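Report on one structure; see the data block that follows.
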Amino acid sequence: MGQVLSTLTSLRLNVVHERDDASPEHGIHIYEPHQFFTYTLSAYWLKPAMRSLRKLSLYSSIHWGFYPHAKLDGVHFPNLRSLTLGNFSSYEDKQLDWITSHSTLQELYLDDCSILFHIVMNDNEPELSRCPIAKSDLQRNGHGKLQHNYPRRWCDYFVAMEKGLPRLHHFGFGSNREWDRYVMPFENEMDIVSVLKKDRYMRFDGGMCDLGPKDIRLNCDEEDRKALEALYRKTGQQIDCGTIRIGGYTV
């Protein structure tokens, strides 16, 4: 398979994972997603295609990036022109730096992506062994659990992309309507609705991603909107910024 991948110019992966409908909170701990995103994705799919790939689209039926951890160390595409990430979660600057390291990008689409601003881990070895944040960097809270706060906001990401991706001429941030029908989008990046959804910021708590209680939710809608508008202006896209909805579909 490596020989085939080494000649690819376009790669799209829509990864569907097993669900535990009886106990959905346990689904995130299923072995296979962790094995795939931490090892298989980079070793068997991405690294063999690094030199030839010009278009990459990665989607998952579950939130990925943190838990399961997407290990992208040593993965770089020197000729990449288009990147799409779906259901991807950032938790440290390394994810942003990985995106902006591809200065050749002309198109970037972030579909239903989120920043994990508050992370809570159970203090047990099975969970911590899969956590990409070292235990020494986690703080103990008053409930016997370990936590981590990530200070970056989407406005920081938009500014970094504006400065770090000089060739970018098409950017999409928001949510594809296919998600509303519980269908994972495929080959329709242009259908992303520009929207600042509430769940662009999420809390990770013991295997579940949610908005978190109201007293810890972030209030940076205007900062995000202004930075997003500036990024659209930089790309020269004719986006009616007045239609960028704050809040979106999630309540």
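The values are calculated or read from the model by the stated rules, or taken from the named source; none is laboratory data. Not measured: the values here are computed from a predicted model. Here the Cβ positions follow ideal geometry from the backbone for every residue, glycine too, while neighbour counts run over all protein chains shown.
Checking residue 215 against (1) at pLDDT 95 or above; (2) in a helix (DSSP H, G or I), which single condition isn't satisfied?
So residue 215 meets the others, but not (1).
Select from the stretch 74-95 the residues that are surrounded by fewer than 16 Cβ atoms within 10 Å (Cβ to Cβ) and not in a loop (DSSP other than H, G, I, E, B) and list them in ascending order.
Listed by number, the residues that qualify are 93, 94.
Hey, residue 223 hits all of (1) within 19 Å of the chain's Cα centre (by Cα); (2) under 26 Å from residue 149 (Cα atoms); (3) at pLDDT 70 or above; (4) surrounded by fewer than 19 Cβ atoms within 10 Å (Cβ to Cβ) but one; which does it fall short on?
Exception for residue 223: condition (1).
Can you tell me which residues in the stretch 26-73 are under 19 Å from residue 87 (Cβ atoms), touching a residue at least 24 places away in the same chain (Cβ under 8 Å) and part of a loop (DSSP other than H, G, I, E, B)?
67, 68, 70, 71, 72 - these are the residues of the stretch 26-73 that are under 19 Å from residue 87 (Cβ atoms), touching a residue at least 24 places away in the same chain (Cβ under 8 Å) and part of a loop (DSSP other than H, G, I, E, B).
For the stretch 1-52, how many residues meet the condition of being at pLDDT below 85, small (Gly, Ala, Ser) and under 18 Å from the mean Cα position of the chain (by Cα)?
Selection size over the stretch 1-52: 0.
Among the residues of the stretch 146-183, how many are at pLDDT below 95, in a loop (DSSP other than H, G, I, E, B) and closer than 24 Å to residue 106 by Cβ?
0
Looking at (1) in contact with a helix residue (DSSP H, G or I) (Cβ under 6 Å, 6 or more places away or on another chain); (2) surrounded by fewer than 21 Cβ atoms within 10 Å (Cβ to Cβ); (3) of a type in the set (A, V, I, L, M, F, W, C); (4) closer than 30 Å to residue 7 by Cβ, which one does residue 98 not meet, given that it meets all the others?
(1)
Only one of these conditions is not met by residue 193: (1) modelled with pLDDT under 95; (2) touching an Asp or Glu at 6+ places or on another chain (Cβ under 8 Å); (3) buried (at least 17 other Cβ atoms within 10 Å of the Cβ). Which number is it?
(2)
Answer with yes or no whether residue 123 is out of contact with any Gly (no Cβ under 8 Å at 6 or more places or on another chain) and either part of a loop (DSSP other than H, G, I, E, B) or among the acidic types (Asp, Glu) (or both).
So residue 123 does not fit the description; no.
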